[in-house]
Structures are given as C-alpha cells and as structure tokens.
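Following: one structure in structure tokens, then a few remarks.
Read-outs: derived from the displayed coordinates by stated rules, not from any lab. This is a predicted model, so every value here is computed, not measured. Because the Cβ atoms are built from the backbone with ideal geometry, glycine has one as well, and the counts that use them run over all protein chains shown.
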Amino acid sequence: MSKRRGRQLLHRTAIAGAGLAGVLMFASMLLGAGNLTPLESLHALLGQGSEDHRFIVFELRWPRTILAILVGVALGAAGTIMQAATRNPLAEPGLLGVSAGASFAVVLAIYYGADTAGVHFGIAILGALVGCFLVLLTTQMRGAGNDPVRLVLAGAAFSSILMSITTLILLHDQRTADEIRFWVIGALGGRPVSNLQWAVPGLLAGLAMVGATVAALAAMSLGEKVAMGLGHKPVFTRILAMTGVAVLVGTATAAAGPIAFAGLIVPYFARRLVGPDVRRALPIAMLIGPCVLLLADILSRLAVRPYELPIGIVTACIGAPVLIAVVRSHRLPRL
Amino acid sequence: MKTSTTPTRDAPQGFWLLRPGSLSLLVSRRGVWAGLLLALMTALVGVGNLSFGTPSLTPDQVLAALAGAGDPFNVFMLHELRLPRLTAGILSGAALGVGGCLLQTLARNRLATPGIIGIDDGATAFAVASIVAVPTSLAPPMLALVGAATAAALAFGLGGGGSRGYRFIVVGIAVGALFGALTNFMLARTDIDSANLAYPWTVGSLNARAPSTVVVLAACLVICLPIAKALGRQLQLLRFSDAVAIGLGTHVRHTRLAILVVTVFLTATAVAVAGPVGLVSLVAPEVARHLTGHRGVPIINSALAGALLMTAADWVGRTAFAPVEIPVGVITAIVGGPYLLWILLREPRMTGR
C-alpha cells in the first residue's frame, strides 16, 4: 500500500479506535454489578443522585476505568513490541511467563515482609525483567529460538512451576495468604487508588523506552543485515525493547495482577487493521488495548451479577480462540 | 537392532521366546526387568505410604493391621484412610501413565500428553460443573468423561489430527485455557460451600476421594489396559510415517481412533479420582521408555511408573511440610515442570517434526 493510503488508513483506524475507547469508558462508568441502574449512574455522573450512588460511580468505577485504560495501553504496547523484537507472532507477556514472573516476584516479596506499593512496583518490574531476559535467551538458542510455538510451551511450563511454588507459599504461610491471593489473580476492581500514582510513571517510562526502538525494530523486520546496513544496532535494540517491555508488564502486573492473553489479542487485531509494520501497529495497539480491557472488565462485571468475575477469565475466553486462529493459519507469519 | 551373533534360531538377542501352546511370544528381557524393578519400588513406596504419617507405624504393625489384628485404631486408620488413598494413587497414576504413553506415541511427540493438550482441563471443567453449576444426577466421573472427550475432539479437530507437530499442542494449550477459564467461572459463580467442595478438583489431590470414583477407575483400567496392550503392536508401527504403517498392514485411522478413545477413558476416570495431575502422564512414559531402552511401546511399564510417581509424590506431599498437606498436583508440577522445560529447550530436533 502506498505511503499516503497507509497514513489515511492509520488515521481512520486511530479515530475509530479512540471513539470506541471513549464509548466503552462511558459504558464502564454506567454499567456494573451493583444494584444501580444505568440511569441512576448517569445522574450520579452529572453530580446528582444520592451520596451512595455518587460514591459508587466516582470512588469505585472511576479508578478502575482509569486502571483499565493504563493497563490496556501497557499490555497492548508490550505485546506488540515483544512480538516485533522476538519476531514471533505468539510472543505474549502472559503466555511466555513474564507476567507470572512479575507476580511471583511480588508474592516472594510479600512473603518476606514487603508491604508498600512502591516496593511492589519495583519488584514486579524486576521480576518481569528476569522473565524477559529468559525469553530473550531462549530465542537466541538454536532450535528452540526459531520455533514460535515451542517458546509458548516453554512459557507455559515456566508459569506452571511458578504457580506451584506460589501454592506452596500459600499453604505454608496462612498469614500472608490473603494478600498473596490478591496478587496472583488478575483483577481491576478493588485495587488501592495509590496504585495509580505509581502506574503512570511506570507506563510513561516503559513507553519512552519502547518508543525509542520502534524505528530500529521496523528496520529489523527486513532482516538483521539490512537493519545493520541502515545503521541500527540489532542487539542493543532488542535489549532496550525487552527492557521496555519488562517495565510495561511489571507496571501492569503490579497495578492489576497478571492478565493473560491481552498482549496477544491486541497486536493481532492491530496488525489485521493496519498491517504488520510496527510503526503503525504500535499506536493502534495502544488504542485497542484499553478497548479490550474495558470491554473485558465490563463483561466481567455483568456476567455473574451480583458477583464479579476475575478479568482474566474473560480475556482467556477472547484470547484462546485468537491463539488457535494464529496457530492454525497455514503458515505462521514471520515478523 | 543388531542381529545376534550367536546362532540362536528361536529368539533374537535380548528377548525371551515363549511358546504357550500354538502361540509364540517375544518378551523383551529388559522390559521384564524394568517392570519388576518398578513394581518392587512401587510396593516399597506403598508400604512407606501406609506406615509413615501421623502417627507413624512400624512395618510389622502395618502388616498386622492390614490383616485386621493389632490396635483397633491402627486397623481403622489403615483400612479407612491410608489404604483407599494408596489405591486411588496407584490406580490413577497407572491410568495417567498409560494415557500419556498412548497419546505421545499417537502424536509422535513427547509433549502431547493429556495434561498439556487440555484433556485434563476439559474433564476438570465438566466435573466441577456437575458439582457446582448443573446439579445433575450424573456422577462426576461420567461428566469428566464427557469433558475429556470434548476437549480431545476440540484439540484434535482444530489442531489437524495431531500430525502437525507443535501447532497441535499449542491448540491444545488454548483449549485447556478455555476450559480452565470455564472452571474458574463456575467457581466464581457459586456459593463458598460448593466452591470448597469443588476445590480439590482444581489442584489435583488424593485427599478423601469418593470411593465410587475409584471403583469406576478400577473397572476402566481392567478393561482398557488389555486393549492398550493389544493396540501396542500397531502403535509401534505408527511411530513410523503413515505410509510405512499402512504398507505394513495397519489400519491407521481405526487404530488412531481406538487409541484416542482408550486415552480419553483412562484420563477422564483418573481425573475424576485425583484431579488434574497432568505431569505424571508426561514423566511416567519417559521413565518407562528410558528403563526399557526405547524399544517398543512400554504400556505396562508406563502404568507401573505412573503408579510409582503418583504414590511417591503423594508421600512427599503428605510428609514434607507436615502437618500442612501439599496437594499431589503441586508436587508433580514442581518436579515435572523443570523436566518439561529441559525437554523443550535441550533437544534441537524432536521426533515427529
């Protein structure tokens, strides 16, 4: 497609994505599990209605809507960049065990007595960093590295080990069990508001790192030799990109727990809409990410009223068919 | 295989030739020794399982109590608590081991075990449904069977019949994730009592299983093990390419279907007893194959190795952090997970690619 048409497509998709995100954001404020009709929510949103209703809308729904948007941006960008950096259409922070690494690091920290939000964020980023570098090391291995599907299997094995150790800790120490249980289940509701003040700088730092590598990643999709010829440094780019991904995933995990499949769904749709070029896919993914998370969050609130589902269940229901579709496509696209 | 240098007309090297009546049977010597070794170790671990715990008994107390003599408390404890648990462990481990061995050989891939391609998750989801969501008169094992069959059909149908290497397995992972989400969905929906009732299904534990499910499992093993053993010959040919197997006279599609059905039955009934202890079906056939020298399809030895692994894991889980009991599924995941990683990353080429 010509450059002009590509740009038009990008603009049109971006506007549509932003519009959809706005609508979903509004819906997220109006719909919920509590016994509050959408009309009452609207009244509360306009500053009328009873004290209780205003509390529900502004103190409960507003923070989780913002959180959904932040986490969606982070996971969408992280998935897109990870797939570009590993040249693997199945690379997804949740599937490859990076989210599991982050949440496991937090579990360990809680077990050893850490209890402030800032510490949690730092430790989650550290855990995600370890997970990312394990992934990077594996992709450099002969045999396993150039097989996208085997990487997913390795990630599943890694996550299941971490999960079992977490279960051991849970069984061993009932005292911290409740707090830990909170971390290993992905959910947007009920997170402390103080999370937001740590999530925003983490998100911005991660996006800055990732953004700096986009041009080089686009060149690397033509092949390492071409990228080197154009003056990019593939190894440095890959390390910087994966560090950025780790910061994004760590932030998202610390804010909302591990949410699987979001990083797979979002880039998949973004690539379908604007093509495989990472320079176009990244901004679109950052718009689709919040849409997917908001939608999943709304569904998780409405599915089993008056209870709520963990959001990971909803993303798994959307993501597993996407995973099957990607794997089943006759030839796995090389990124 | 090396041709034998000594002029033995009746048996190749490393085999015994049995001639009961008009039949001739070749029995692998190494396979028999491996089987005896595994059976002996299972027996030892079984006795250990019976005697250690709170309170611990000496082996002669165990024997006396088994015979119904000695302290009535010991007799009660053995007959009502430890012996059923040991039986459940041995039977479910054997079923999982055979199921894993069959499926691995069928898909020509060591990673294609019921636990990994989502059959366990399917069985778990449906069994949980029978407890919490749809209060039916159907017993959990029956619904577990339906779930396992559904998951197997989905994984094989979407994954291209198991002949497309790793893609089939990742399709299976996705199917497993779907069923896992379904399980969590149902657990989130119900009241806390039903959820607690269903919890053991989700981690894999041998604690206080319903005796009726163990009976169903035992019946299934009695029927399926001979069938599996009889299919073993054709299965051995399926390890070659389809063209070779057809040329040697195997009806490939029928054999595949029969093996799949047997696997689904074994896995479902085992999951109905022990919950999803998937990694036993990965490791047990591996152990069996290693001991028998990668010759043939070690059905019986896989069963023995599975029983050994399950009982040993349960022993560790029961005693390592006593008085807290660790579910057997957690133990097998901690031991089996690194092994899975090692298989994946270590070998540059795998069979069946």
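How high is the relative contact order of chain A, given as a whole-number percent (alpha carbon pairs under 8 Å, six or more residues apart)? Let's see the in-between values first.
Numbers: 542 pairs, mean separation 105.4, N = 335.
This gives 31 percent for chain A.
Through the Karplus equation 6.51 cos²θ - 1.76 cosθ + 1.60, θ set to phi - 60°, convert the phi angles of region A:9-23 into ³J(HN,Hα) values in whole Hz; use x for Gly and Pro.
Result, ordered by residue: 4, 4, 4, 5, 5, 5, 5, 4, x, 5, x, 4, 4, x, 4 Hz.
Just the Kirkwood number for region A:198-335, please: inverse of mean 1/r across all distinct Cα pairs, in Å, one decimal.
Working: mean 1/r = 0.0606 Å⁻¹.
Final number for the Kirkwood radius of region A:198-335 is 16.5 Å.
With label points built 7 Å along Cα→Cβ from the Cα atoms of B:Phe73 and A:Arg5, find their separation and express it in nm.
8.5
Averaged over B:177-188, how many beta carbons belonging to a partner chain fall within 10 Å of each residue's beta carbon? All intermediate terms of the calculation are to be shown ahead of the outcome.
Working: counts 13, 7, 2, 5, 13, 3, 1, 6, 9, 1, 1, 9.
Per residue, the number of nearby Cβ atoms from other chains is 6 on average.
Under 5 Å between amide hydrogens, which residues at least 5 positions from A:Leu188 or on another chain qualify, with H placed 1.01 Å from N in the peptide plane?
A:Ile311
So what is the relative contact order of region B:97-277, in percent, for Cα pairs below 8 Å that sit 6 or more residues apart?
Details: 273 pairs, mean separation 63.7, N = 181.
Once normalised by length, the contact order is 35 percent.
Specify which residue in the list A:Val130, A:Ile169, A:Pro192 is farthest towards the positive end of the charge dipole of chain A, using unit charges on the beta carbon of Lys, Arg (+1) and Asp, Glu (-1), about the Cα centre.
A:Val130
Work out the mean other chain Cβ neighbour count within 10 Å for the residues of A:302-311 and drop it here as an integer. Please report the intermediate quantities before stating the final value.
On the way: counts 0, 3, 5, 0, 0, 4, 1, 5, 4, 0.
Partner Cβ neighbours, averaged per residue: 2.
Mean separation of Cα pairs under 8 Å and 6+ residues apart, divided by the residue count of chain B: what relative contact order is that in percent?
After rounding, I find 27 percent.
Which one of B:Val214, A:Phe236, B:Val175 has its Cα pushed farthest toward the positive end of the charge dipole of the protein assembly as shown, where Lys and Arg give +1 and Asp and Glu give -1 at the Cβ?
A:Phe236
How big is the dipole moment of the protein assembly as shown about its Cα centre under a simple scheme where the beta carbon of each Lys and Arg is +1, that of each Asp and Glu is -1, and everything else is neutral? Debye, nearest 20, please. List each step's numbers first, then the result.
On the way: 50 positive and 27 negative charges, 685 e Å.
That gives a dipole near 3300 debye.
Can you tell me the dipole magnitude for region A:3-328 around its Cα centre, using point charges on the Cβ only (Lys, Arg +1; Asp, Glu -1), in Debye to the nearest 20?
Working: 24 positive and 14 negative charges, 319 e Å.
Charge dipole of region A:3-328: 1540 debye, to the nearest 20.
Mind checking which of A:Ala212, A:Ala105, A:Phe158 is farthest towards the positive end of chain A's charge dipole, using Cβ charges of +1 (Lys, Arg) and -1 (Asp, Glu) about the Cα centre?
A:Ala212
Taking H as built 1.01 Å from N, whose amide H comes closer than 5 Å to the amide H of B:Phe15, not counting residues under 5 places away?
B:Arg29
Using the basic label-point model (7 angstrom from Cα toward the beta carbon), what is the B:Leu63 to B:Asn207 distance in nanometres?
3.3
R0 = 22 Å: FRET efficiency of A:Leu39 with B:Arg189, Cβ-based, nearest 0.05? It would help to have the intermediate numbers written out before the result.
Working: r = 27 Å, r/R0 = 1.23.
The calculated FRET efficiency here is 0.20.
A:Ala27 versus A:Ala215, label points 7 Å from Cα toward the beta carbon: distance in nm?
3.9
How big is the charge dipole of region B:97-277 about its Cα centre, in debye rounded to the nearest 20, if each Lys and Arg gets +1 on its Cβ and each Asp and Glu gets -1 on its Cβ?
Values: 11 positive and 5 negative charges, 146 e Å.
About 700 debye.
Count the net charge of all other residues whose Cβ sits under 13 Å from the Cβ of B:Gly176, scoring Lys and Arg as +1 and Asp and Glu as -1.
Spelling it out: positives minus negatives among the neighbours equals -2.
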